Amino acid sequence: MNKNLQYSQKRGFFYALYSRIFIKEADQKLLETIERNGLDDCFPNFSKWDVRDNLSKSKLIKERLDADFAEISLLNLIPYESFYIREDGMIQSGGENPVIKFYEEFDYMVDKEKARIVSPDHIGAELEFMYMLCEGELKALKNCDENAATKIKEIQKSFLQKHILKWVPLYLINVKNEAQTPFYHDAAMTGLEFVLSDYEYLNE
C-alpha cells in the first residue's frame with residue numbers, strides 16, 4: 001500500500017475512533033480496539049491510570065466511564081453544533097440546519113434513533129461524516145482516480161472549515177477541563193490535536 005493510501009486509511013481510522021468515543025457510552029469492544037491498536041500515545045493518562053489496572057473492563061465502564069460520558073454529553077456539556085453556533089443556544093434538529101443540508105448533498109443519512117442523538121449536528125455524527133469521506137477518498141485512490149480523491153479532500157476541507165472547526169475545538173476543550181476520568185480527558189485532548197493537524201494536512 002502506497003503512502004497516500006496508508007495515510008488516508010489512518011485518517012479514516014481516527015475519525016471513526018473519535019466519532020465512536022463521543023457518540024455513545026464506551027463498551028468493551030471500544031477499549032479492546034484501543035488496546036489492540038497500541039494507542040497509548042493517544043491515551044497517555046488513561047494508559048497509566050491505576051483504576052484501569054484494578055477493575056475489570058465491565059466494572060471500569062459501569063462504575064467510572066458511563067457516569068463521565070453522561071456528564072460530558074448530557075448533563076454539563078452539549079455536543080451539538082447548533083448549540084454553539086446559534087445565538088439562542090437552541091439545538092436545531094430540523095431540515096434548515098446547514099449541517100443536514102451538507103449531508104444531503106453527499107447522501108449521508110444519520111440514524112438519530114440508533115445513535116441516540118437528537119440532531120445530526122452531534123459531534124459523533126460530524127466526525128463519522130469525515131470518516132465516510134475518508135473512505136471515499138481511499139476508494140478513489142485504490143482505483144487510481146487522483147482527480148476524485150482530490151475533489152473528496154476538498155469536500156473534507158470545506159466541512160472542517162464550515163462546521164467542525166467552528167465549534168468542535170471549543171467543545172473538546174470543555175470536555176478536557178470537565179472530564180472526571182483520564183479516558184475522556186485524553187480523548188478530548190488528542191481528538192482536538194488530530195482535528196487541527198488534519199486541517200493543516202488538507203491545507204498543504
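If you filter the range 65-103 down to residues that are surrounded by fewer than 20 Cβ atoms within 10 Å (Cβ to Cβ) and touching a Leu at 6+ places or on another chain (Cβ under 9 Å), you find that the one that is farthest from A115 (Cα to Cα) is Y84. Looking at the range 150-168 only, could you name the residues that are buried (at least 21 other Cβ atoms within 10 Å of the Cβ) and more than 13 Å from the chain's Cα centre (by Cα)? Within the range 150-168, I152, Q156 qualify.
Look through the range 37-78, keep the residues that are assigned to a loop (DSSP other than H, G, I, E, B) and touching an Asp or Glu at 6+ places or on another chain (Cβ under 9 Å), and return whichever of them is nearest to F194 (Cα to Cα). Show your work before the answer.
Narrowing the range 37-78 to residues assigned to a loop (DSSP other than H, G, I, E, B): 37-39, 43, 48-49, 55-56, 76-78.
Narrowing further to those that are touching an Asp or Glu at 6+ places or on another chain (Cβ under 9 Å): 43, 48, 55, 76-77.
Working: F43: 13, K48: 21, L55: 29, N76: 24, L77: 21 Å.
For the range 37-78, the residue satisfying everything is F43.
Determine whether the range 155-175 contains at least one residue that is among the basic types (K, R), touching a Leu at 6+ places or on another chain (Cβ under 6 Å) and farther than 30 Å from A67 by Cα. The answer is yes; a qualifying residue exists. Residues that are touching a residue at least 60 places away in the same chain (Cβ under 8 Å) and either within 14 Å of S19 (Cα to Cα) or crowded, with 19+ Cβ neighbours inside 10 Å (or both) within the range 169-187 comprise Y171, V175, A179, T181, P182, F183, Y184, H185, D186, A187, listed in sequence order. Pairing each residue of the range 11-39 that is surrounded by fewer than 19 Cβ atoms within 10 Å (Cβ to Cβ) and at pLDDT 95 or above with any residue that is of a type in the set (S, T, N, Q) and not in a loop (DSSP other than H, G, I, E, B), provided the two are 6+ apart or on different chains, yields C-beta distances under 7 Å for Q28/S58.
Restricted to the range 82-137, and to residues there that are in a loop (DSSP other than H, G, I, E, B), among the charged types (D, E, K, R) and touching a residue at least 12 places away in the same chain (Cβ under 8 Å), the residue that is nearest to Y199 (Cα to Cα) is D121.
The values are calculated or read from the model by the stated rules, or taken from the named source; none is laboratory data. This one's a predicted model, so the numbers in the text were calculated from it and none came from an experiment. We place every Cβ from the backbone using ideal geometry, glycine too, and count neighbours over all the protein chains shown.
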